[in-house]
Amino acid sequence: MDLENTIQERASVSAEPKKVFVRTYGCQMNVYDSQRMSDALAAEGYVASDTAEDADLVLLNTCHIRAKAAEKVYSELGRLRKLKDERAAAGKEMLIGVAGCVAQAEGGEIIRRAGAVDLVIGPQTYHRLPDAIRRVRGGEKVVETDYAVEDKFDHLPAAKPSVVRGRGVTAFLTVQEGCDKFCTFCVVPYTRGSETSRPVAQIAAEAENLARAGVRELTLLGQNVNAWHGEGPDGSEWGLGRLLFRLAEIPGIERLRYTTSHPRDMDDELIAAHRDLDRLMPYLHLPVQAGSDRILKAMNRRHTVDDYRRLVDRIRSARPDIAMSGDFIVGFPGETEADFAETLKIVRDIGYAQAFSFKYSPRPGTPGAELDDQVPEPVKDRRLQELQALLTSQQKAFAAGLVGSGMAVLLEKEGRHEGQLVGRSPWLQPVIVEDAAGRIGDIIRVRVTHANANSLSAEAA
Ligand code: SAH
Ligand code: SF4
Ligand code: F3S
């Protein structure tokens with residue numbers, strides 16, 4: 001009798017699905033990867049949890065781009081160690097895994113620094129995650145950071161319509177990963193490895209699955225997305241422009257975007273796609289980083305400020321309503337006041353609808369960190385403030401310039417108030433639509449009534 005009860009109890013315990021909590025830091029590619037990891041774990045019977053508190057497995061998908069991003073991970077691991085101890089005291093398990101770019105950069109060092117960590121797994125080996133977790137369950141500490149020979153995308157569950165349905169009308173799709181450019185400030189070539197491009201057939205199949213699940217807008221991702229050069233169905237090599245034309249044919253895919261681009265890889269075909277493809281949204285994230293040729297050279301960007309200007313001119317003549325977005329670094333080693341003034345100048349000349357700006361953060365293992373004449377922190381602070389003030393004023397002016405005009409908005413979700421729906425403008429701004437005559441997933445015409453700090457208000461047109 002007793003034994004039977006125990007068996008029944010065990011059966012009901014193991015019937016309870018295990019819960020996984022994934023926390024994502026960093027860029028959109030990590031968001032995409034977290035989704036793929038969750039899908040792979042769902043196939044193993046894990047269900048997603050919204051909090052770490054009741055999770056059997058916590059995965060941190062980490063970012064190494066700046067010192068702050070990497071430090072966040074260790075403070076989170078400190079908090080998780082306490083949770084893990086509390087759960088252990090209650091007879092429950094909590095496994096802790098570190099994925100992403102800190103995992104790749106620091107490997108087993110993470111377990112030495114944070115002993116509560118059970119698993120370290122780099123971005124190139126996510127398809128081995130279920131197996132790694134089985135090994136952890138068996139009592140091993142697992143570090144998986146070797147570059148796999150097999151293609152992880154062949155082994156990760158593709159975004160099946162049944163899996164992705166209900167996740168929304170916009171989706172990311174990684175087409176390219178890694179970087180061969182080696183800008184002297186950047187860790188990405190070390191954390192994501194060398195450039196790889198997924199073949200057209202694989203990308204198209206995933207895009208079709210997403211479309212069938214209700215996705216209307218696809219954002220193609222890559223650390224250097226416009227360096228994508230994948231194998232076409234006929235065995236020839238395609239560029240990103242051609243890929244965009246192909247994806248625009250998929251029924252249901254109404255809008256296309258891609259990010260992040262490098263100025264050196266904007267070829268004629270891609271610029272032609274901006275001219276000829278209505279579904280390609282008129283918004284381009286094209287980082288220049290700095291406005292002085294001397295600094296660009298020290299950064300190993302391999303283009304001049306003038307190259308960038310001419311490129312933007314060509315893109316704008318192909319697609320006059322295109323809005324530019326960018327990334328900027330202030331305080332790269334050796335940056336003088338005169339160099340910084342040139343950054344302000346290129347910003348004024350180009351005019352950005354949106355931008356991200358950062359203080360230079362010396363990263364271990366990158367050439368920039370070894371350079372003399374690092375810029376003092378207070379100087380970086382002041383330059384960043386000045387640059388951000390300029391960028392914010394441009395962003396506001398861009399939004400204000402849209403008031404009174406009409407535009408197409410893809411409705412994404414319900415708003416905070418009754419009757420409101422929230423969508424995106426072609427230029428990626430959130431748009432709050434009052435009394436929208438449409439459903440989520442529809443693209444409707446609206447008229448902009450007001451520009452708010454980080455969104456637009458509009459009424460159905
Ligand atoms: N692949 C993209 C950028 C990826 S990282 C590109 O080439 O543009 C995103 C942004 O972070 C970079 O554009 C850069 O502006 C910033 N960044 C990268 N390394 C940095 C560092 N060490 N310190 C400060 N900002 C950095
Ligand atoms: Fe980093 Fe430069 Fe590569 Fe962009 S192009 S990921 S900034 S090394
Ligand atoms: Fe960060 Fe890695 Fe993305 S370092 S920005 S998560 S590629």
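The values are calculated or read from the model by the stated rules, or taken from the named source; none is laboratory data. Being a predicted model, the structure only gives us computed values, none of them experimental. Cβ sites come from the backbone with ideal geometry, for glycine too, and all protein chains shown count toward neighbours.
Restricting attention to the range 233-240, does a residue exist that is surrounded by fewer than 22 Cβ atoms within 10 Å (Cβ to Cβ), modelled with pLDDT under 95 and of a type outside the set (G, A, S)?
yes
Looking only at strands (runs of 3 or more DSSP E) that fall completely inside the range 362-461, which ones have 3 or more residues that are crowded, with 19+ Cβ neighbours inside 10 Å?
406-414, 421-424, 430-434, 443-451
From (1) under 30 Å from A204 (Cβ atoms); (2) touching a strand residue (DSSP E or B) at 6+ places or on another chain (Cβ under 9 Å); (3) of a type outside the set (S, T, Y), pick out the condition that doesn't hold for D154.
The single condition D154 does not satisfy is (2).
Determine which member of the set E231, E195, E217, E206 is within 16 Å of ligand 3 (Cβ to nearest atom), of a type in the set (D, E) and at negative phi.
Among E231, E195, E217, E206, only E195 is within 16 Å of ligand 3 (Cβ to nearest atom), of a type in the set (D, E) and at negative phi.
Tell me which of these H64 doesn't satisfy, since it passes every other one: (1) touching a helix residue (DSSP H, G or I) at 6+ places or on another chain (Cβ under 8 Å); (2) at pLDDT below 95.
For H64, the exception is condition (2).
Could you list, in sequence order, all residues of the range 17-74 that are touching a Cys at 6+ places or on another chain (Cβ under 7 Å), closer than 26 Å to D85 by Cβ and part of a loop (DSSP other than H, G, I, E, B)?
Y25 - this is the single residue of the range 17-74 that is touching a Cys at 6+ places or on another chain (Cβ under 7 Å), closer than 26 Å to D85 by Cβ and part of a loop (DSSP other than H, G, I, E, B).
Which of the residues that make up the range 383-415 are closer than 30 Å to G252 by Cβ and among the basic types (K, R)?
Once the filter is applied, which keeps residues that are closer than 30 Å to G252 by Cβ and among the basic types (K, R), the range 383-415 yields only K413.
Scan the range 329-355 for residues that are under 22 Å from the mean Cα position of the chain (by Cα) and either away from ligand 2 (no atom under 16 Å from the Cβ) or in contact (Cβ under 8 Å) with a residue 60 or more places away in the chain (or both) and jot them down.
Answer for the range 329-355, where residues must be under 22 Å from the mean Cα position of the chain (by Cα) and either away from ligand 2 (no atom under 16 Å from the Cβ) or in contact (Cβ under 8 Å) with a residue 60 or more places away in the chain (or both): I329, Y352, A353, Q354.
Checking the structure you have, find out if any residue of the range 329-344 is hydrophobic (A, V, I, L, M, F, W, C), in a loop (DSSP other than H, G, I, E, B) and within 13 Å of ligand 1 (Cβ to nearest atom).
Yes; the residues of the range 329-344 include at least one that is hydrophobic (A, V, I, L, M, F, W, C), in a loop (DSSP other than H, G, I, E, B) and within 13 Å of ligand 1 (Cβ to nearest atom).
So which helices (runs of 4 or more DSSP H) stay within the range 106-212 end to end and still have 3 or more residues that are buried (at least 20 other Cβ atoms within 10 Å of the Cβ)?
So the answer is 129-137, 200-212.
How many residues does the range 268-314 contain that are away from ligand 1 (no atom under 16 Å from the Cβ) and under 22 Å from F245 (Cβ atoms)?
The number of residues fulfilling the criteria is 15.
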